[in-house]
Each structure stands twice: as C-alpha cells, then as structure tokens.
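Q: What follows is a single structure, and I will ask about it in a moment.
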Ligand code: SF4
C-alpha cells in the first residue's frame with residue numbers, strides 16, 4: 001500500500017495509469033481541500049484508474065474509534081487509534097462565531113510532564129508520523145463537511161509537544177499549506193510550545209507565516225519550574241531571546257493558564273508585565289479546567305477578568321478566553337492517552 005502522502009509513490013501510480021496531472025490535482029483537491037471523502041475523490045479520476053488507486057492507496061492511517069459531542073457547547077472529541085493500538089485525541093471546536101477550529105495531537109503522550117496537564121501525567125510513548133498528524137485533519141474535515149462547515153484553523157495544541165517532533169511537524173505543515181493538498185494559509189495554522197528556544201528559532205525561520213503560541217503560564221522562574229519541568233533547562237532568560245526572534249515574524253501568542261494562588265497574584269502580574277514589555281505579543285488568559293487527580297484549582301472568573309483588564313490597561317493586546325469541551329474532557333490540558 002502507498003500512503004496518500006507518499007508523493008513519489010502516487011506519482012508512479014499516476015504515470016502507470018496514464019492519469020493526466022490535472023486529474024490527479026482534481027483528485028487531491030476533492031480529497032483534501034474539499035473534504036469530499038475517498039469515493040468522491042476517486043470519482044474525479046478516469047474510470048480506468050479508479051480500481052488501482054482504490055486498492056493501492058492507504059487513505060487513512062488512523063481509525064476513528066470514539067466520538068464524544070459536548071452537550072454544553074460545540075466541541076467534539078475524536079478518539080483515534082493508531083495501527084500499533086495507541087489512542088490519541090483531536091478536538092473539533094465550533095464556537096458561536098462560526099469559525100470552526102481543530103486541535104490536533106503531535107505525539108502519543110508527552111515527555112514534558114507539565115503539572116497542570118492530564119496528557120503530561122501519562123508519560124511519552126512515541127512521536128506521531130506526519131501521516132497520523134494529517135489524518136486527524138482529513139477525518140475531522142470530512143465530519144464537519146457533512147455539517148456544512150469547514151475547518152478554518154488548525155492548532156497543534158493537543159497531546160504532545162510539537163517542537164519535540166520537529167521532522168513530522170514540518171512535513172505535516174508542508175502538506176497543510178500546499179495548494180494541491182489542504183491549502184491553508186499560514187495564518188490559519190498555529191503551533192503551541194512549552195518553549196524550547198532552539199526549536200522555536202528553527203521553526204520561525206522555516207515557517208515565518210505560521211503562528212507560534214508560547215505556553216508561558218508564569219514569568220517567575222521558580223513558579224514556572226514548578227508548573228513545567230522543561231523550564232529548568234529552558235529558562236525564562238533563554239526563552240526571551242527566542243521570543244524576540246520569533247516575534248520578528250509577527251505577534252506571538254502567549255498562553256497564560258490562570259491557577260488560583262499559583263500564578264494569579266500581584267507579583268505574578270508585575271513579573272509578566274515586565275517580562276513581556278516591548279515584545280509584540282497577544283496574551284490569551286485561559287481558564288483552568290479541573291480534572292480528577294489534579295490538585296490545582298482555577299482562578300475565579302471575576303479575578304481572571306481583573307487580571308486581563310489590567311494587562312490591557314498596561315498596553316498588552318489581551319483576550320480572556322473561554323474553554324470549550326470541558327464536559328467531555330476535551331478542553332485545554334484535559335486530553336489523555338486512554339488505554340485499551
Ligand atoms: S501541556 Fe503540552 S507540553 Fe505540557 S505535558 Fe501537556 S501536552 Fe505536554
């Protein structure tokens with residue numbers, strides 16, 4: 001079998017079946033950009049080629065094994081199984097604005113062990129391949145297509161640290177951006193990281209138009225180390241240099257999860273204001289979604305608003321985010337590697 005993302009293999013298949021290049025382009029547009037599904041994509045090929053394309057191409061590297069739809073908002077959690085029987089999760093977000101987004105995973109589990117994150121508690125199993133990363137987008141696109149929607153934004157904010165899977169992240173971003181494939185503008189794609197300075201700089205130089213989000217969560221070194229063990233190696237000082245480099249491409253998203261009594265006090269506000277001063281950023285203030293087995297608590301909504309308003313007054317572009325999918329454990333930090 002040839003993977004649908006094996007461009008050389010597909011090219012040989014095309015030549016062997018005497019399919020004109022423009023028919024292959026139509027096939028790819030139907031499959032990826034228009035999310036019309038395998039059968040409709042095959043129908044865009046000459047009849048004589050359909051059978052061999054159908055038998056030879058492996059269209060999906062993941063099997064959708066469960067789907068949970070939120071009863072309180074427009075989120076759907078998709079649980080996929082890999083061919084070696086690991087489970088990973090993606091989340092479709094349908095906010096009231098109508099702009100459908102997809103949050104995808106880049107690894108099975110995660111090696112970063114952030115204390116607030118359910119995925120981090122599961123440990124690391126392996127990197128996802130680019131075909132597994134892309135199949136999350138393909139299958140989710142087909143689901144929302146049947147609702148008359150399309151996925152507007154794809155964010156690498158699910159399970160795993162994408163910058164620790166650089167090779168497959170880069171490959172998948174190439175396919176997400178390429179015109180005969182998913183054809184996303186870079187501004188519709190976002191990669192979120194805990195902050196790995198050399199990888200941030202590499203990423204920013206290769207994909208300057210793709211948005212970068214940094215999970216900062218504290219501008220105090222001691223607090224950040226407690227929340228994110230990676231911060232011991234990649235200190236705030238090192239990170240600031242990379243942040244400045246990345247921001248040359250445009251504003252960097254700063255993710256700030258608000259944790260009661262941990263990072264929401266006066267000293268935390270002042271440290272954040274000082275740390276980000278003169279860097280072009282957009283700060284997202286995020287509520288913490290509590291889950292069983294985690295002793296951390298979220299900051300009350302009213303206090304989050306005060307924190308957010310103070311940042312705005314201090315001159316920072318700031319959004320107080322709400323979180324979708326909390327009732328189906330699909331909100332930020334709630335994705336876990338289920339065991340079968
Ligand atoms: S927050 Fe992200 S980087 Fe940290 S443990 Fe969870 S998945 Fe890994």
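Q: Among residues belonging to segment 266-286 that are part of a loop (DSSP other than H, G, I, E, B) and in contact with a helix residue (DSSP H, G or I) (Cβ under 7 Å, 6 or more places away or on another chain), point out the one that is farthest from residue 218 (Cα to Cα).
A: Step one: of segment 266-286, the residues part of a loop (DSSP other than H, G, I, E, B) are 277-280.
Next, only the ones that are in contact with a helix residue (DSSP H, G or I) (Cβ under 7 Å, 6 or more places away or on another chain) stay: 279-280.
Working: 279: 16, 280: 17 Å.
Filtering segment 266-286 for residues that are part of a loop (DSSP other than H, G, I, E, B) and in contact with a helix residue (DSSP H, G or I) (Cβ under 7 Å, 6 or more places away or on another chain), the one farthest from residue 218 (Cα to Cα) comes out as 280.
Q: Considering each residue of segment 119-131, count those that are within 16 Å of the ligand (Cβ to nearest atom) and surrounded by 22 or more Cβ atoms within 10 Å (Cβ to Cβ), and give that number.
A: Pass one, segment 119-131, residues within 16 Å of the ligand (Cβ to nearest atom): 119-128.
Then keep just the ones that are surrounded by 22 or more Cβ atoms within 10 Å (Cβ to Cβ); that gives 119-120, 128.
The qualifying residues number 3.
Q: Sticking with this structure for a sec: When you check residue 37 against the structure, is it at positive phi and modelled with pLDDT of 95 or more, yes or no? Lay out the reasoning, then the answer.
A: Working: at positive phi: yes; modelled with pLDDT of 95 or more: yes.
So residue 37 fits the description; yes.
Q: Where residues in segment 136-158 are within 16 Å of the ligand (Cβ to nearest atom) and in a loop (DSSP other than H, G, I, E, B), which of them is farthest from residue 81 (Cα to Cα)?
A: Step one: of segment 136-158, the residues within 16 Å of the ligand (Cβ to nearest atom) are 136, 155-158.
Then keep just the ones that are in a loop (DSSP other than H, G, I, E, B); that gives 157-158.
Working: 157: 18, 158: 15 Å.
Once the filter is applied, the top-ranked residue is 157.
Q: Which of (1) within 16 Å of the ligand (Cβ to nearest atom); (2) closer than 30 Å to residue 223 by Cβ does residue 101 not meet, given it meets every other one?
A: Every condition holds for residue 101 apart from (1).
Q: In segment 174-212, what residues are surrounded by fewer than 18 Cβ atoms within 10 Å (Cβ to Cβ) and in contact with a strand residue (DSSP E or B) (Cβ under 8 Å, 6 or more places away or on another chain)? Even if it seems obvious, please write down each step before you answer.
A: As a first pass, look at segment 174-212 and keep what is surrounded by fewer than 18 Cβ atoms within 10 Å (Cβ to Cβ): 174, 178-180, 183, 185-187, 198, 201-202, 205-206, 208-209.
Passing the criteria: 186, 187.
Q: Mind checking which residues of segment 174-190 are out of contact with any helix residue (DSSP H, G or I) (no Cβ under 8 Å at 6 or more places or on another chain), under 15 Å from residue 7 (Cα atoms) and part of a helix (DSSP H, G or I)?
A: Once the filter is applied, which keeps residues that are out of contact with any helix residue (DSSP H, G or I) (no Cβ under 8 Å at 6 or more places or on another chain), under 15 Å from residue 7 (Cα atoms) and part of a helix (DSSP H, G or I), segment 174-190 yields only 174.
Okay, residues lined up against (1) more than 13 Å from residue 196 (Cα to Cα); (2) without any contact (Cβ under 8 Å) to a residue 12 or more places away in the chain; (3) within 16 Å of the ligand (Cβ to nearest atom); (4) assigned to a loop (DSSP other than H, G, I, E, B):
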position: 219; (1), (2), (3), (4): yes, no, no, yes
position: 223; (1), (2), (3), (4): yes, no, yes, no
position: 231; (1), (2), (3), (4): no, no, yes, no
position: 234; (1), (2), (3), (4): no, no, yes, yes
position: 240; (1), (2), (3), (4): no, no, no, no
position: 247; (1), (2), (3), (4): yes, no, no, no
position: 253; (1), (2), (3), (4): yes, no, yes, no
position: 264; (1), (2), (3), (4): yes, no, no, yes
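Q: Which of the residues belonging to segment 285-326 are surrounded by 20 or more Cβ atoms within 10 Å (Cβ to Cβ) and touching a residue at least 60 places away in the same chain (Cβ under 8 Å)?
A: 288, 324, 325
Every residue, every condition in (1) in contact (Cβ under 8 Å) with a residue 60 or more places away in the chain; (2) in a strand (DSSP E or B); (3) closer than 30 Å to residue 229 by Cα, yes or no:
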site	(1), (2), (3)
28	yes, no, no
45	no, no, no
49	no, no, no
55	no, no, no
78	yes, yes, yes
96	no, no, no
108	yes, yes, yes
111	no, no, yes
114	yes, no, yes
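The values are calculated or read from the model by the stated rules, or taken from the named source; none is laboratory data. Since the model is a prediction, treat every value here as computed from it, not as a measurement. We place every Cβ from the backbone using ideal geometry, glycine too, and count neighbours over all the protein chains shown.
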